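Just below is one structure, and these are the notes that go with it.
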Amino acid sequence: MKNIQTKTGPHMRNFFRKCAWILTTTAGVGIAGQAMAAPCKNPDSLTFAMIPTEETVAELQLYKPITDRMAQLTGKKIQFFMPTSYASVVEGMLSGFVDVGVLGPYSYVIANGKDANIQVFATYAKRPGHLQEEGPGYRGVLVTKKGSKFTTIESLKGSTLGLTDPGSTSGNLMPRVVFSDVIGSDLDKYFSKVAYTGSHELSTVAVDKGKVDAAFVASHRFDNVVNKGEVKLSDFNILWKSDPIPQDPFVYLGNLCDDIKKKIEETFLQLKGQPGAEKFLDNVKSNTFVKMTSKDYDIIRALKKAKDARKKKK
């Protein structure tokens with residue numbers, strides 16, 4: 001038996017090597033064929049969209065220096081998709097209809113989890129404001145109307161709460177996961193009514209006008225309403241702040257041709273000093289854009305995982 005194994009062993013090993021080589025080569029050809037069958041996306045125009053705010057149309061005008069610069073650098077016509085919700089921007093990207101977008105951190109994690117082709121490349125570093133701190137982060141803030149009886153978290157039990165959108169990080173995810181741990185209860189049990197307003201700006205105004213007793217809003221979005229003169233900072237109680245959250249991710253479709261993606265990145269990351277840039281950055285209360293990667297949003301993934309586990313447990 002030993003002699004048979006000694007004589008046939010090398011032949012069998014050669015046979016297996018040949019089989020492995022054939023399988024590897026065949027797989028390689030298959031992969032190469034798929035790559036050849038799916039060239040990078042090189043459209044005549046690029047569709048741009050952003051998560052909705054109270055004044056999305058005004059924000060579109062605000063972004064005109066950006067879209068003009070993107071058109072110049074990429075050589076593409078830039079079209080704008082008017083969203084109706086966070087989900088509509090996500091669905092637009094998942095379908096391949098939207099090429100470049102601005103998402104919320106939570107909506108980006110949802111979108112990227114469904115399709116890794118949706119890739120983050122930048123965000124803006126904010127200037128300090130009324131509640132906003134300097135840097136590429138912001139906080140979720142719980143506000144109530146000054147002069148009301150809602151001056152503590154405990155006093156809010158049984159009151160009405162405003163959230164922004166199911167896809168919002170600071171206006172939904174953070175309250176339902178982190179703040180729920182603070183109060184030791186689900187929001188829907190602690191508050192008598194929980195309603196979605198559609199935007200951080202609308203949530204802020206809803207508190208000011210007494211339509212809801214409290215609301216969770218993003219620090220920089222709250223500042224925007226104050227700066228526009230629609231509300232006064234002195235008219236609000238700040239009852240709670242979250243830990244820092246990475247700013248809204250600017251994303252593109254990863255299957256766009258590399259030269260297009262490089263030009264899109266250049267549009268934002270090298271914006272400072274370009275025509276119209278100073279006015280744009282002043283309007284968004286930012287000094288510059290900074291490069292971001294998927295890993296920067298792992299904190300949001302952890303929150304989403306906790307939320308999903310809690311929902312499954314229910």
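Summary of computed values
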item: When residues of the range 266-304 are limited to those that are among the polar types (S, T, N, Q) and in a helix (DSSP H, G or I), the one farthest from residue 109 (Cα to Cα); result: 283
item: Boolean, residue 59 is modelled with pLDDT under 90, among the acidic types (Asp, Glu), touching a helix residue (DSSP H, G or I) at 6+ places or on another chain (Cβ under 6 Å) and more than 20 Å from residue 262 (Cβ to Cβ); result: no
item: Residue 70 being touching a Ser or Thr at 6+ places or on another chain (Cβ under 8 Å), of a type in the set (A, V, I, L, M) and modelled with pLDDT of 95 or more; result: yes
item: Identity of the residue in the range 148-174, in a helix (DSSP H, G or I) and free of Cβ contacts under 8 Å to residues at least 24 places away in the same chain, that ends up surrounded by the fewest Cβ atoms within 10 Å (Cβ to Cβ); result: 154
item: Residues of the range 149-194 satisfying the condition of being under 15 Å from residue 304 (Cβ atoms) and among the basic types (Lys, Arg); result: 176
item: Pick from the range 175-225, criterion small (Gly, Ala, Ser) and part of a helix (DSSP H, G or I), ranking: surrounded by the fewest Cβ atoms within 10 Å (Cβ to Cβ); result: 180
item: Which numbered condition residue 234 fails, given (1) in the same structural domain as residue 51 (by TED's automatic domain parsing); (2) assigned to a helix (DSSP H, G or I); (3) out of contact with any Leu (no Cβ under 6 Å at 6 or more places or on another chain); result: (1)
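The values are calculated or read from the model by the stated rules, or taken from the named source; none is laboratory data. Predicted model only: the values in this text are computed from it and were never measured. When we count neighbours, we look across all protein chains shown, and the Cβ atoms used for this are built from the backbone with ideal geometry, even at glycine.
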